[in-house]
Amino acid sequence: MEESTLIVEAILFSSGRALHPSDIASASGIDVKEVRKALRKLSRNYATRSTALEIVRTGEKFSMQIKKEFSRPAMTLAPTEMPRDLLRTMAVIAYSQPILQSELARKRGPRVYEEIARLRDMGLVSVRPRGHTIELTTSNRFAEFFGIEAKNSSEVRKFFEKATSGSG
């Protein structure tokens, strides 16, 4: 494989999120046209070989991720990359769902609005309008992200008790 394709692959692997070709070009110094060519080549390559990874296009952005059929075993040991405050906000949502954003703000403070926006961007919470506020629940991606099998709210609660224990 060409060096530029390998550089694009390395950037996708290390980013941990979807990137626009222009972001990859800026980070690598490779022309955007060449980045797009490398992304097409990588997508074909990963689609045709036996691997647990895939290159996924979402809108105009690309990411490298674990194929769905391999996500459960991989997530059992993967670190959860979420700041503790964000994890606590997620825990309150999971415990109390459905919960109104206004109620969550009373419990967690004004920074919760930014945290909710981050959780929405991560696809971990679902929202529904409720009067002048919104109702929050965990999304379908929630259990997959945390690598847990949450059959009921008590299992979700136990997971978050363990994840947030020992913090002050």
For this session: Pull up the stretch 75-91, narrow it to residues that are surrounded by 14 or more Cβ atoms within 10 Å (Cβ to Cβ) and over 14 Å from the mean Cα position of the chain (by Cα), then point me to the one that is modelled with the highest pLDDT.
Result: THR89
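Would you confirm whether any residue within the stretch 13-24 is aliphatic (A, V, I, L, M), farther than 30 Å from ALA105 by Cβ and more than 14 Å from the chain's Cα centre (by Cα)?
The first filter runs over the stretch 13-24 and keeps only residues aliphatic (A, V, I, L, M), leaving 18-19, 24.
After this cut, where a residue has to be farther than 30 Å from ALA105 by Cβ as well, the list is 19, 24.
Those left that are additionally more than 14 Å from the chain's Cα centre (by Cα): 24.
Yes: the stretch 13-24 contains one or more residues that are aliphatic (A, V, I, L, M), farther than 30 Å from ALA105 by Cβ and more than 14 Å from the chain's Cα centre (by Cα).
Taking the criterion of being of a type in the set (A, V, I, L, M, F, W, C), exposed (fewer than 12 other Cβ atoms within 10 Å of the Cβ) and either outside any loop (DSSP other than H, G, I, E, B) or at pLDDT below 85 (or both), would at least one residue in the stretch 113-121 satisfy it? Steps first, please.
Looking only at the stretch 113-121, we keep the residues that are of a type in the set (A, V, I, L, M, F, W, C), and these are 116-117, 119.
Those still in the list that are exposed (fewer than 12 other Cβ atoms within 10 Å of the Cβ) too: 117.
Next, only the ones that are either outside any loop (DSSP other than H, G, I, E, B) or at pLDDT below 85 (or both) stay: 117.
Looking through the stretch 113-121, at least one residue is of a type in the set (A, V, I, L, M, F, W, C), exposed (fewer than 12 other Cβ atoms within 10 Å of the Cβ) and either outside any loop (DSSP other than H, G, I, E, B) or at pLDDT below 85 (or both).
The values are calculated or read from the model by the stated rules, or taken from the named source; none is laboratory data. For clarity, every value in this text was computed on a predicted model and none was experimentally measured. With ideal geometry, Cβ positions are generated from the backbone for all residues, glycine too; neighbour counts draw on all protein chains shown.
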